Each structure stands twice: as structure tokens, then as C-alpha cells.
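Working notes for the structure below.
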Amino acid sequence: MERAEIAELFYNALINSNDLEKLDRFLSATVQWTLSAADPHTLGEESPPNAITFSGKEGCRQLALYFQKSLKVFSGDLTGCISHHQLVFVFGRVRLGASAPDRFAETNIAARLTFHGPKIIKGQIRISWPLVF
């Protein structure tokens, strides 16, 4: 399976935790996940102080649950995927539930996935919204 296809599985797993089993075989046992609000002043590998981290395959499950339970993500669309050597950049939109019925917010999400062979070893996810973690 191509890295871009694995990145699409990852994106779908964030939206729907039932897709986690499909992704599992493409995760390193020691994969590191970082989730933060997008900050244009943060460059490169630097993580903002409000970042949340998860570790391992179980960390991927915790990340997906965080998206679904805490952020109330109920759907999304993958809008782009760019592969460059061992990196895959994923871009999309997610819809988050609001406290009022039939209302939701929509925001951008971007992820940088680092691969070693066919396995994801690092995932950095940024969500564009003034979220407080």
C-alpha cells in the first residue's frame, strides 16, 4: 500500500474509530503523536506549549477518541495529500458538533506523518481554530 493511501486511512481513523483496525498494521509500536492548535509562529519541529501528546498504537486510539469525544468531530473531508521522501502531508476539513442541535463548526486540519518503510513513526496534527486544549 502506498504511503498516501496509509495517510488517508489515518485521516479516516480520526473521523471514525472503526477504521483504526485497518490502520493498525501501518503503525510503529513506538509511534509518537502530537496534536496542537495551528500557530503560524511555530516553525519546524517545535511544538507549542498547548500540544497534547500520545504514544504508541494505543495512543492512536486515544487520539481518535479525543477527536470524537472531546472535539466532537463527526465528519470530515480529505482535501489534499502530498508525499515527499519519508514525509506525507495531509490536509482536510473536519466538522465539530456544537452544543445546540443541528449546529456545527468547520475547521481545517493538517498532519505531517513521518514514515520508516511502510510504518508511521511520528504524527504531528495541527487544527486551525482557536481551540483551548
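The values are calculated or read from the model by the stated rules, or taken from the named source; none is laboratory data. Small disclaimer: the values here were computed from a predicted structure and weren't measured. Cβ atoms come from the backbone with ideal geometry, glycine included; neighbour counts cover every protein chain shown. What goes into the accessible areas is simple: the full protein's heavy atoms, side chains included, and nothing from ligands, DNA or RNA. Shrake-Rupley method; radii C 1.70, N 1.55, O 1.52, S 1.80 Å.
Brief remarks on what is shown
- The residues of the chain have, on average, 55 Å² of accessible surface per residue, using a 1.4 Å probe with all protein chains present.
- FRET efficiency, Asp102 to Gln32 (Cβ-Cβ, R0 41 Å, nearest 0.05): 0.65
- Per-peptide average of other Cβ atoms within 10 Å, ordering 79-88, 104-113 highest first: 104-113, 79-88
- On the chain, 53 percent of the accessible area sits on carbon and sulfur atoms, based on a 1.4 Å probe.
- Using 0.36 nm per residue and subtracting the Cα-Cα separation, the extra length available between Arg61 and Leu87 on full extension is 7.2 nm.
- Close amide H contacts of Gly76 (hydrogens built in the peptide plane, cut-off under 5 Å, sequence separation of 5 or more or a different chain): Arg95.
- Scalar couplings 3J(HN,Hα) for the range 23-34, obtained by applying the Karplus form with A = 6.51, B = -1.76, C = 1.60 to θ = phi - 60°, are 7, 3, 6, 9, 10, 5, 4, 10, 4, 10, 10, 10 Hz; x denotes Gly and Pro.
- Length gained when the stretch His116-Ser75 is fully extended (0.36 nm per residue, less Cα-Cα span): 11.9 nm
- Percent of Cα-Cα distances greater than 23 Å, calculated over the chain: 26
- Put simply, the amide H of Ala37, placed in the peptide plane, has neighbours under 5 Å in Ile127, leaving out anything fewer than 5 places away on its chain.
- Top of Asp24, Asp77, Asp102 by mean-square fluctuation, Gaussian network on the chain, Cα under 10 Å: Asp102
- Built amide H within the under 5 Å cut-off of Ile120, gap 5+: Leu27, Ser28
- Solvent-accessible ranking of Tyr66, Tyr11, largest area first, probe 1.4 Å: Tyr66, Tyr11
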